[in-house]
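The block underneath contains the structure these notes are about, expressed in structure tokens.
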Amino acid sequence: MDINKNLDFNINIFDEIYKDCGDIVGRKFPVFKNSGISAYVICIDNMANRDVVDLAIMRGLMVDIRLTTPYSGFDDTVIYDTLKNNGIITSDMSEADSIDAINDAILAGNTALLIDGFSKAIIISTKGFPGRGVQNADTEVVVQGSKEAFSEGMRVNTALIRKRIKDTNLKVYQTIVGEKTKSDVAVMYLKGVVREEILNDVLQRIDKISIDAVLDSGQVEQLIEDDWVSPFPQVQSTERPDKAASAILEGRIVIIVDNSPFVLIVPATMNVFFQSSEDYYGRWEIMSFVRAIRYLAGIMALLLPALYVAITLYHPSMIPLFLSFKIAGERSAVPFSVVGELIIMEIAFEMLKEAGIRLPGPIGGTMGIVGGIIIGSAAVEAGLITPIVVIIVALTEVASFAIPHVSLVAGVRLVKYLILVFAACFGFLGFWIGLLLVMIHMVNLKSFTVPYMFPYVAGDVNNFNDMKDSIFRLPMFMMKRKPIFANPNPTLKHGMQSESRNRISDVLSDSKPRF
């Protein structure tokens, strides 16, 4: 609906639209002394910055204009321009010519100014949402490196990234997602470094999102990922600005959703989920050792329960004789099978983990540690569980905590039960069948055209350059080329040979994974 030149008519429309909305602030007031011309300001309380509204808008229109610009019957164009340019003390302004556009601006925290006799409105940026500000990172804690974390404010998050990348080629594409929430979404990338085909794919997927509400970046992640059936994350999320900035410099794309303290990074391969920010801030020997420990922990978290079941049930000869007798003696009084023991303890630890998350911070940590010790000890003393099962489950849980990214941990937690079932049914044969099925699935996965298992799959297309930052992290001076995510343009500082560029393009454009 277009704006009417009659101000009272427009005010009645807004009164009807925002009926029973007690947080709407609207005021009609005269401008230009003895002119009979009125204006109307409307915004939402506490979403618009009250200081900006009062000092930059109301003071200029009600005091400065009336005192310094006496009305002398000048034409309409001069009236509008005078109010816009001399009465509003702010640099961020725009215009709207429809009621819907004004409503969108008001609901986004801006202030609308309507003037009697004009069929357009002035939109003044006055966003002043309450927020936490910049806090410390909670889920990605590091010993060395920045302690800053993203907040729920989209503009705060974009500023934290711009603070780290002072380059005019850092672009921000902004759009709105959600029919009801109209959530702001920003896509940040480095022009000239990002791959245009991947960028276009990301923008198309975001533009195709059709949903009533987007309240967190996790919803956007589920709507743009390649394979919604897979338990493994194909989009990386982080609350650390330094990690997001590093990803942009690698040619990757960062997606920021308003009201969410986690930003999304695409493309994402299995390799990046084992990387931590502090890997690049410490000496390469230590960080390589730590990263190798993470990979070992990931393997243990995935395979250790199934391996124990397969050996105990089908291949006890692989266990040393003394240990085999000890396990058999302990199991003689246990009423459950090996699989039943493991499942009971795994579920108990899962419940303790969830309880620790939901409880307040100090109590939650105590619940996880003390609860695990008490339940494990009590179950062993009661003869319900053997000590070796408690050790296996505890090692599995500890190993899962060593993986830096929570989203990958969730996938591993789910898949280990699949391999456990195969091992329980068919022994070592089932163990290898389950592992093979998982590997086939991961090899066939792609994240925005990039093979999920790169550089362990198709790494030769980049001359195995990305292997320098995989299980081990080589010294910084040896990692001169940008990773597979970056545009292989020879004009870039870290360019590649033309043959390598062509092979990479072939892999990324191929619909089938390269083995």
Considering only region 121-211, give the strands (runs of 3 or more DSSP E) lying wholly within it that have at least 2 residues that are open to solvent by 60 Å² or more (accessible area, probe 1.4 Å) and either hydroxyl-bearing (Ser, Thr, Tyr) or touching a residue at least 12 places away in the same chain (Cβ under 8 Å) (or both).
170-177
Sort out which residues of region 219-269 are closer than 27 Å to residue 109 by Cβ, open to solvent by less than 30 Å² (accessible area, probe 1.4 Å) and assigned to a loop (DSSP other than H, G, I, E, B), and write them in order of number.
239, 240, 258, 260, 261
If I ask for residues that are under 20 Å from residue 5 (Cα atoms), in contact (Cβ under 8 Å) with a residue 60 or more places away in the chain and in a helix (DSSP H, G or I), which ones from region 105-115 would you list?
106
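Restricting to region 1-37, name every residue that is under 12 Å from residue 117 (Cα atoms) and either part of a strand (DSSP E or B) or open to solvent by less than 20 Å² (accessible area, probe 1.4 Å) (or both). First the steps, then the outcome.
Quick first cut of region 1-37, residues under 12 Å from residue 117 (Cα atoms) only: 3-10, 36-37.
3, 7, 10, 37 - these are the residues of region 1-37 that are under 12 Å from residue 117 (Cα atoms) and either part of a strand (DSSP E or B) or open to solvent by less than 20 Å² (accessible area, probe 1.4 Å) (or both).
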Return yes when residue 304 is in contact (Cβ under 8 Å) with a residue 24 or more places away in the chain and in contact with a Ser or Thr (Cβ under 7 Å, 6 or more places away or on another chain) and no when it is not.
yes
Tell me, please, whether a residue that is at pLDDT below 90 and touching a helix residue (DSSP H, G or I) at 6+ places or on another chain (Cβ under 6 Å) can be found in region 46-63.
no
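Quickly run through region 38-51 and pick out the residues that are part of a strand (DSSP E or B) and buried (at least 16 other Cβ atoms within 10 Å of the Cβ).
Of everything in region 38-51, those that are part of a strand (DSSP E or B) and buried (at least 16 other Cβ atoms within 10 Å of the Cβ) turn out to be 38, 39, 40, 41, 42, 43, 44, 48.
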Counting only residues that are closer than 23 Å to residue 450 by Cβ and of a type in the set (Asp, Glu), how many does region 271-317 have?
1
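Among the candidates 398, 461, which residue alone is of a type in the set (Val, Ile, Thr) and surrounded by 15 or more Cβ atoms within 10 Å (Cβ to Cβ)?
Working: 398 fails: surrounded by 15 or more Cβ atoms within 10 Å (Cβ to Cβ).
The conditions single out 461.
Can we say residue 102 is in a helix (DSSP H, G or I) and modelled with pLDDT under 80?
Working: in a helix (DSSP H, G or I): yes; modelled with pLDDT under 80: no.
No.
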Tell me whether region 364-375 contains one or more residues that are farther than 30 Å from residue 338 by Cβ, of a type in the set (S, T, N, Q) and surrounded by fewer than 16 Cβ atoms within 10 Å (Cβ to Cβ).
yes
Looking at (1) assigned to a loop (DSSP other than H, G, I, E, B); (2) small (Gly, Ala, Ser); (3) touching a Lys or Arg at 6+ places or on another chain (Cβ under 7 Å), which one does residue 288 not meet, given that it meets all the others?
(1)
Counted residues in region 462-474 being part of a loop (DSSP other than H, G, I, E, B), in contact (Cβ under 8 Å) with a residue 40 or more places away in the chain and of a type outside the set (Ser, Thr, Tyr) come to 3
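The values are calculated or read from the model by the stated rules, or taken from the named source; none is laboratory data. Note that this is a predicted model, so its numbers are computed, not measured. Positions of Cβ are generated from backbone atoms using ideal geometry, with glycine treated the same way; all protein chains shown enter the neighbour counts. Accessible surface is based on the protein model in full, side chains and every heavy atom, while ligands, DNA and RNA are left aside. Shrake-Rupley method; radii C 1.70, N 1.55, O 1.52, S 1.80 Å.
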